[in-house]
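This report refers to the structure that appears directly beneath it.
Rule-based calculations on the coordinates, nothing more; no lab input. None of the values given here were measured: they were computed from a predicted structure. Virtual Cβ from ideal backbone geometry, glycine too; neighbours counted across all protein chains shown.
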Amino acid sequence: MSTPNGNAQQLAREAESLKKFKDRIDKILADLDTSEASHKRLGTRKIPPASYGDFTEAQDLASQYDKVHTQLVTMSQTFSDQIEALGIAVQMANGDYEGIDQEQQDRLMAIQKRTAQYYHAPASAHSGTGQEPGGGQSSSDHDGRGVSA
């Protein structure tokens, strides 16, 4: 049987663990923001279409590069948003609701809204197509991970 004092100690340890976890998340977010994978840095790295040459295949390559580049910037921003949201959620789970100000609440809602905008639900295995999940298409069409389903 646990004692009231034992429960308080357990809660204190859990709160300490959440604090350490949030600190790790904050460090990962800071590292991402200063890395080459930052959405800010990725956004500035574009190759001018003329660099590929002036023939049809070169223009197709430039078009595909732009498409992939845009997707990478979006994925980097979404990843950064999710790490930030996780940090706010950990702070809330730690019972420090008073520490959550209106700005953080608004930020959490903005992250959720932007994430919902880019989320594509995986294809259902029971879609009635008679195909296995993935259906011979790249999984980026289904879940955005870029791996076979």
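Residue separation times 0.36 nm, minus the C-alpha to C-alpha distance between Gln64 and Ser17: what's the value? Here the segment from Gln64 to Ser17 would lengthen by 12.5 nm. Other residues lying with their Cβ under 11 Å from the Cβ of Ala62 contribute a combined charge of -2, Lys and Arg counting +1, Asp and Glu -1. Along its three principal directions, the equivalent ellipsoid of the range 16-118 from the Cα gyration tensor extends over semi-axes of 38, 14, 9 Å, largest first.
Here each label is just a point 7 Å from Cα along the line to Cβ, and for Leu86 and Ser124 those points are 3.0 nm apart.
Kindly flag which residue pairs out of Lys19/Lys67; Lys22/Lys46; Lys27/Lys113 have an alpha-carbon separation exceeding 31 Å in this structure. Check vs 31 Å cut-off fails for Lys19/Lys67; Lys22/Lys46. Under the simplified labelling scheme, the Gln71-Asp26 pair shows an inter-label distance of 3.6 nm, with each label point 7 Å from Cα along Cα→Cβ. Each of His69, His120, His39 has some number of other Cβ atoms within 10 Å of its Cβ, and from fewest to most they run His120, His69, His39.
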